[in-house]
Amino acid sequence: MSLLVTKDLVKWFGDTHAVDHVNFTVKESEVLALIGSNGAGKTTLVNLISGLFRPDGGQILFRDQDVTHQSVHGRIKAGIARSFQLVNLFDQLTALDNVALTIFSREGKIANPVALAASDSAVWDEAHDILRLFGLEPKARVLAGGVSQGERKLLDVAVAYALRPKLLFLDEPTSGVSTREKAPIMDTVTSVVRSQGISAAIIEHDMDVVFNYSDRIVAMHQGAILADGTPDEIRRNDTVTTTLIGTTEPR
Amino acid sequence: MDVLLIHVLNSLLYASVLFLIAGGLSLIYGVMRIVNLAHGNIYAFGAYVTAWVVGSVAAGASMPVWLVLLPVGAVATAILGAGLEPTLLRPFYKRAEEYQLLCTFGLLMILEDVMRLFWGPYPLSASALFEGFGSLTFGESIYPTYNFLVIGVGAAAAIFLWAFIYRTKFGVVLRATSQNMRMASALGVNVNRVYVEAFTLGCFMAGLGGAIIVPSQSAVLGMGVDALVLSFIVVVIGGLGSLEGALVGAIIVGFVREAGITWFAEIELAVLYLIAALVLLVRPAGLFGRP
Amino acid sequence: MSVPPSRPRPASSTARALRVAVPVVVLLALVPLILPAYGAILLAYGLVMAIAALGFNLLLGYTGLLSFGHSAYFGVGAYAVALMVKYLKVGSMELFLVGAIVAAVLITALFGVVCVRYTTIFFGILTLALSQVLWSLAFKFFWVTGGTDGLRVPTPSLFAGLVTGSGDKIVFMSHAYYYYVLIVFCLCVALMWVIVNSPFGMALQAIRDNETRAEFVGVRIWRYRWVAFLVSGVFTGLAGALWVPLNGLTTPDIMHWTFSGEIVFMTVLGGFRSFAGPIIGAVVFNYLKTYAVGYTVYWQLLLGAVLVGLVLSLPTGIVGTAGRLAARLQGRH
């Protein structure tokens, strides 16, 4: 069952085809890795699907609904959420506030200017639960700008998760994090995602992470999809290896 | 027909001064990504200095002396700019933009009162220079000859700046730094020095605008903020950071203002705002601006 | 890992705030009984400015938008009152407040649509420019606004006509009107507290901290900024309406950018990253101005220099600096 389908998606930047007639699918309840060298179009693809950019051609179907021209707000309501490559958080609010704010927004309660936010215990309880899920409960009252890089990455995912999406895009969730911290982060993220039946599409450069955690891998190159298959299939795919690494010859 | 010619000349007169002010603002923004809210008062300061030197200090001298002294306002503002950048602006480059705005706003207030302190609350003029140029008659109309000097200076400044920025080594450095400060720095460019030089040049331009216009209209308190608001309209239309934009924007504003004054005196400012609002809606980056 | 208590959250911060606010309000209420008439009237001016600064800071401190044109809304409130006196022969303070709110809503809704599409630099200059337009209109349409002479406003009647200023004006201003201002001040502070601590207030802070992420969390940036702009302008307009009877007169000066500068200054002085900062800054500034204006004509120079100094070395203002000192004294740092 396809959760997300793009048909001939196109995006130009000047003369370059950042995304070149891409047919990309994400199935329900799967963890997918999106790989490719810099400039391959991975982030642009995610930007198009999440609504940051408008496509120059093609279609995006989410749960059989055409969201190609929907606003960011509409796509979030439909069930698409994302985290960012450069951590994007509300640095002067606490970790707890960051998540609570997201829940208020999801519940449509955010437009209310005449009720104390503190009085809505359901929201705060859920915020605590989510932080606990991601192992961030101890840092609940710390300002988001003041936690470690690894924790910021997790918080970034937690905020996107708090939107209770059906499809979660994670843009390099382990970049800038020490090798030691990568596995725990990915363990947490994938266990949360799998236990809730959410599909996740993860842009990653670290091949260990890619092969250890994904059900399926999509490789992109120069704006187009190069290959699409299980980790084993991709591992055996010479074209992918050559394009991404340079040669199939062992070093 | 002569009346039309006079309107055209007045528009160009206004455009020349506006180009100098707005061009300075745009240059500074283009290189340093800062907007100096006190920029209008720098223009005013240049006007006051020239009015004082030419109109008071050298009041008894002759035309050639006055002409030589005319740019003194621009020199004064250049020195002022060179002093301000390292002391009051540099501490804010790495901080949130609000602080930079607050600081330059404080500077605006300081300069306004400094001018009042030095020169009092009454207008200061250098009209002897203006009158000494006499006037030209064509058809049934008379037009002050001095205004041609202003238009000439404006045009010369545009050409000079173009040559400076696109044809000299310093211009290349300026453009490189404005496009990619970190890269330029990595290539050995002394970014701090480039910033000071760019800021000084921008202040020089504003001061020159004040210096050349003051014989034709007096220096008066409040002219700085009025100029700031008008040059804002110019850069909205032309695009912040672009000298071509400042030129085109200044010409447009010059003509619209002249038309406005002639036909809709009360709401002339409102007409300008309408145009600015329209441009903001249709092309937020301005005609030549980078988004 | 033990399960932490589910919510020892800032419902306690409201409780904490009340523990500070109640004694302060009591003190303020005693002022007309302790200080001479002049002192109470001066403080009334300070409280009025505090309302204006409170409104202004909703935009700066909580939404991250620095406006250099708030004098426009103060002026709109003041002139709304003056014009109601001139053309409608109204004398009730309650009607004045309603009129000022309506006028402020109209103007800020219009200006807001233009301004909130932009941030920082363009927003700042745009607000400055728009307020200058209003100022120049107040001059040009002198047959309506009285031009530089301004418009006089007589003593209004308070509480739907129950209290009138038929007696001594000074006594009226330092007692009845002072209490009226105090009541409106308390209501404004309470309302603003609720607003900034509401989900809406959290959304504004999110927009301030990270516009892109706020959008990706589902907040409609443009819309929320516009509402913040509206609320901010209305508070300031309300302050303008309260100010006019105190001053007896309104002139175009209060729409000039120099007055916007004072609002900015008092907020930065008090500390714009705190709730109480603008209030304290406004009251302190009001006293400073009253005494300093007697010493020097070059008031702008002083303000500008202090503003630059504040931004360079004490950006958190009085409240922030006091907080740091207190923490250090308690040995926490």
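The values are calculated or read from the model by the stated rules, or taken from the named source; none is laboratory data. Just so it is clear, the model here is predicted, and its values are computed rather than measured. Cβ atoms come from the backbone with ideal geometry, glycine included; neighbour counts cover every protein chain shown.
Structure data summary
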| quantity | calculated |
| --- | --- |
| Pairs with Cβ under 8 Å, 6+ apart, first in segment C:187-210 and at the interface with another protein chain (Cβ under 8 Å from one of its Cβ atoms), second of a type in the set (K, R) and outside any helix (DSSP H, G or I) | C:P199/A:K109 |
| Number of the condition not met by A:F24 [criteria: (1) modelled with pLDDT of 90 or more; (2) out of contact with any helix residue (DSSP H, G or I) (no Cβ under 7 Å at 6 or more places or on another chain); (3) over 13 Å from A:K166 (Cα atoms)] | (2) |
| Selection count where residues are at the interface with chain C (Cβ under 9 Å from one of its Cβ atoms) and of a type outside the set (A, V, I, L, M, F, W, C), scope segment A:46-82 | 6 |
| Output for segment C:58-74, where each listed residue is touching a Gly at 6+ places or on another chain (Cβ under 6 Å) and in a helix (DSSP H, G or I) | C:Y73, C:F74 |
| Residue that is farthest from C:M266 (Cα to Cα), among those in segment C:215-225 that are in a helix (DSSP H, G or I) and within 12 Å of chain A (Cβ to nearest Cβ) | C:F216 |
| Sole exception among (1) in contact with a helix residue (DSSP H, G or I) (Cβ under 9 Å, 6 or more places away or on another chain); (2) more than 14 Å from every other protein chain (Cβ to nearest Cβ); (3) outside any helix (DSSP H, G or I) for B:L221, by number | (2) |
| Of residues in segment C:286-301 being in contact with an Asp or Glu (Cβ under 8 Å, 6 or more places away or on another chain) and in a helix (DSSP H, G or I), the one surrounded by the fewest Cβ atoms within 10 Å (Cβ to Cβ) | C:W299 |
| Members of segment A:152-165 found to be buried (at least 20 other Cβ atoms within 10 Å of the Cβ) and outside any helix (DSSP H, G or I), listed by number | A:A162, A:L163, A:P165 |
| Filtered residues of segment B:174-186 (kept if of a type in the set (A, V, I, L, M) and either surrounded by fewer than 12 Cβ atoms within 10 Å (Cβ to Cβ) or within 16 Å of B:L243 (Cα to Cα) (or both)) | B:L174, B:A176, B:M183, B:A186 |
| Residue in segment C:90-145 that is farthest from C:G237 (Cα to Cα), counting only those that are of a type in the set (D, E, K, R) and surrounded by fewer than 17 Cβ atoms within 10 Å (Cβ to Cβ) | C:K140 |
| Residue in segment B:187-203 that is modelled with pLDDT under 85, crowded, with 22+ Cβ neighbours inside 10 Å and within 17 Å of B:V31 (Cβ to Cβ) present | no |
| Answer residue from segment C:92-112, given it is touching a residue at least 40 places away in the same chain (Cβ under 8 Å) and either out of contact with any helix residue (DSSP H, G or I) (no Cβ under 7 Å at 6 or more places or on another chain) or acidic (D, E) (or both) and is farthest from the other protein chains (Cβ to nearest Cβ) among those | C:S92 |
| The lone exception for A:S191 - which of (1) away from chain C (no Cβ under 14 Å); (2) within 24 Å of A:S37 (Cα to Cα) it fails | (2) |
| Any hit, segment C:324-333, residues being crowded, with 16+ Cβ neighbours inside 10 Å and part of a helix (DSSP H, G or I) | no |
| Number of the condition not met by C:F172 [criteria: (1) more than 9 Å from chain A (Cβ to nearest Cβ); (2) surrounded by 15 or more Cβ atoms within 10 Å (Cβ to Cβ); (3) touching a residue at least 24 places away in the same chain (Cβ under 8 Å)] | (3) |
| Qualifying residue in segment C:44-57 (condition: assigned to a helix (DSSP H, G or I), among the hydroxyl-bearing types (S, T, Y) and buried (at least 24 other Cβ atoms within 10 Å of the Cβ)) | no |
| Any chance C:F68 is over 22 Å from the mean Cα position of the chain (by Cα) and within 12 Å of chain B (Cβ to nearest Cβ) | no |
| Single residue of segment A:83-115 satisfying the filter (of a type in the set (D, E) and facing chain C (nearest Cβ under 7 Å)) that is farthest from A:H128 (Cα to Cα) | A:D91 |
| Among (1) without any contact (Cβ under 8 Å) to a residue 12 or more places away in the chain; (2) in contact with a helix residue (DSSP H, G or I) (Cβ under 9 Å, 6 or more places away or on another chain); (3) more than 9 Å from chain A (Cβ to nearest Cβ), the one test that C:T236 misses | (1) |
| Flag if C:S13 is over 18 Å from C:Y178 (Cα atoms), within 14 Å of another protein chain (Cβ to nearest Cβ), among the small types (G, A, S) and surrounded by 21 or more Cβ atoms within 10 Å (Cβ to Cβ) | no |
| Qualifying residue in segment C:134-143 (condition: part of a helix (DSSP H, G or I), more than 10 Å from chain B (Cβ to nearest Cβ) and either of a type outside the set (A, V, I, L, M, F, W, C) or free of Cβ contacts under 8 Å to residues at least 24 places away in the same chain (or both)) | yes |
| Tally, over segment B:41-97, of residues that are touching a strand residue (DSSP E or B) at 6+ places or on another chain (Cβ under 8 Å) and either surrounded by fewer than 21 Cβ atoms within 10 Å (Cβ to Cβ) or over 17 Å from B:M205 (Cα atoms) (or both) | 3 |
| Of all residues in segment B:80-103 being in contact (Cβ under 8 Å) with a residue 60 or more places away in the chain and more than 15 Å from B:Y195 (Cβ to Cβ), the one that is nearest to the other protein chains (Cβ to nearest Cβ) | B:L101 |
| Qualifying residue in segment B:226-249 (condition: closer than 29 Å to B:Y166 by Cα, surrounded by fewer than 22 Cβ atoms within 10 Å (Cβ to Cβ) and of a type in the set (S, T, Y)) | no |
| Pick from segment A:116-128, criterion facing chain C (nearest Cβ under 7 Å) and assigned to a helix (DSSP H, G or I), ranking: surrounded by the fewest Cβ atoms within 10 Å (Cβ to Cβ) | A:S121 |
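Each row is one residue, and each column tells you yes or no for (1) at pLDDT 85 or above; (2) among the aliphatic types (A, V, I, L, M); (3) within 30 Å of C:Y118 (Cβ to Cβ).
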position	(1), (2), (3)
B:L89	yes, yes, yes
B:G106	yes, no, yes
B:F118	yes, no, no
B:F138	no, no, no
B:A176	no, yes, yes
B:Q179	no, no, yes
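Here's the yes/no breakdown for (1) out of contact with any Phe, Trp or Tyr (no Cβ under 8 Å at 6 or more places or on another chain); (2) part of a loop (DSSP other than H, G, I, E, B); (3) basic (K, R):
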position: B:Y166; (1), (2), (3): yes, no, no
position: B:G188; (1), (2), (3): yes, yes, no
position: B:A198; (1), (2), (3): yes, no, no
position: B:A206; (1), (2), (3): no, no, no
position: B:G209; (1), (2), (3): no, no, no
position: B:E244; (1), (2), (3): no, no, no
position: B:A250; (1), (2), (3): no, no, no
position: B:R257; (1), (2), (3): no, no, yes
